[in-house]
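Have a look at the structure below before the remarks.
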Amino acid sequence: MSEHDHGIQCLAFSDDELLLCTVGVVDDNKILIWDLSNGFIVTMVSHNPTPCTCVTWGGMIKDIKRRDTANYQLCTSGNQRIVLWNLDPRTGEMVGERVITEGRGTMVRDFTGLAFSDDKETIYCATTSGDFALVNVKRRQLNTVVPACRLGILSLLCWPEGLVVGGGDGTVTTFDANMNDTCQVQLSGPVASLSFSPDKVEVIAGTSTGFVYRLRMDNLQSLLVCENHAAAVKRISFAPDASDRFATLSSDCTIRVWYDGLGSGSEVNPHPHSHPVLALTLALALALTYIHILHHAPTPTP
């Protein structure tokens, strides 16, 4: 990755895992395609659009009879624009063509994510407006916009039955093939990332507040896998007489009691308007008291 002069904004692996696309930050202004078999660069082009903030692969370019060719297809977006690319891996030629998004005021969007449908005929484009746009790949045209959530879409997944959307408002919503919402669940914090299990029966969701959930795809029933502080840990302390329990205090105004390396046993929330130092001190004292009570609690007899 030393060919990038500055940071990397985003990256994506091709569907066959033979190529890697890396997109540099604005100051870098480069899009590079890497051959993963030898680490060599296949080609390099400038940002299009500029700046470029999202990238995804879309399988192979199709011919007039909709059969796969030897050329790869990928999509980039940014600055309210979408570009479809045709990459010839043998020659390194990479040609971009803009998707038509202008002409209707409701279609002006800032895009936060991209995903091709399973048949590679449609691109789903997440937006900061809380809706997603559908792009027809063959016509290179944005067709419609579907509302999904508030506070923007942060993650989305395609599957044969439709689409799964993670929102900035903490919701996960499923849509069927006709883009009708079928189920929704509320999680704790903006849903920053989603991933399918290999059998597509479950989705794992991660939030920006440090929570990880497992969701059943049939009804979005959620199971909390783990939770963490959402900000820096400022203080940590063992209980005076217990080596298997300790308390952590965070800038997110929470304090967690951990035990046996398995997770959080309790959470204390200081009043947000109290003096910070006093609130943190009291919270830590409460947590240590709680640890002491747990450690000395009598074991129940069967």
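The values are calculated or read from the model by the stated rules, or taken from the named source; none is laboratory data. Because the structure is a prediction, the values reported are computed rather than measured. Backbone-built Cβ (ideal geometry, glycine too); neighbour counts: all protein chains shown. Just so you know, the surface numbers come from the protein's heavy atoms only, side chains and all, with ligands and any DNA or RNA stripped out. Shrake-Rupley method; radii C 1.70, N 1.55, O 1.52, S 1.80 Å.
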Qualifying trypsin sites (Lys or Arg not before Pro) in region 139-221, DSSP loop, other Cβ atoms within 10 Å at most 11: ARG139
task: Over region 1-137, give the accessible area per residue in Å² for a 1.4 Å probe, as an integer.
output: 47
- prompt: If you plug each phi of region 182-197 into the Karplus form 6.51 cos²θ - 1.76 cosθ + 1.60 with θ = phi - 60°, what whole-Hz ³J(HN,Hα) values come out, in order, with x for Gly and Pro?
  reply: 10, 7, 8, 9, 9, 10, 8, x, x, 7, 7, 8, 9, 8, 7, 6
query: What residues qualify as long-range amide H neighbours of ASP110, i.e. H under 5 Å apart, gap of 5 or more or another chain, H built at 1.01 Å from N?
result: THR128, SER129
- prompt: Any idea how far apart GLU97 and SER188 come out in nm if each label point goes 7 Å out from Cα toward Cβ?
  reply: 4.9
For LEU154, distant residues with modelled amide H under 5 Å away: GLY166, GLY167, GLY168
Two-decimal Rg to Rh for region 85-152 - Kirkwood Rh, Cα set: 1.04
task: Would you please give the FRET efficiency between GLU17 and ASP244, computed as 1/(1 + (r/R0)^6) with r the Cβ-Cβ distance and R0 = 45 Å, to the nearest 0.05?
output: 0.60
- line: Residue span SER195 to CYS226: 0.36 nm per residue of separation minus Cα-Cα distance leaves a gain in nm of 9.6 nm
- prompt: When the accessible area of region 1-79 is split by element with a 1.4 Å probe, what percent falls to carbon and sulfur?
  reply: 51
query: Summing +1 for each Lys or Arg and -1 for each Asp or Glu, what net charge is found among the other residues whose Cβ lies under 9 Å from the Cβ of GLY7?
result: -2
statement: FRET efficiency (ARG90, THR50; Cβ distance; R0 41 Å; to 0.05) is 0.90
field: Subset of LYS30/LYS62; LYS30/LYS234; LYS30/LYS120 violating a 30 Å alpha-carbon distance limit
entry: LYS30/LYS234
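Restricting attention to region 58-90, which trypsin sites (Lys or Arg not before Pro) occupy a DSSP loop and are surrounded by at most 12 other Cβ atoms within 10 Å?
LYS65, ARG66, ARG67, ARG90
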- request: Keeping all protein chains in position, work out how much accessible area TRP258 exposes to a 1.4 Å probe, and write it in Å² to the nearest 10.
  value: 50
field: For THR182, residues with placed amide H under 5 Å, excluding near neighbours
entry: THR174, PHE175, ASP176
- line: Label model pair ASN136, SER208: point-to-point distance (7 angstrom along the Cα→beta-carbon line) in nm is 3.5
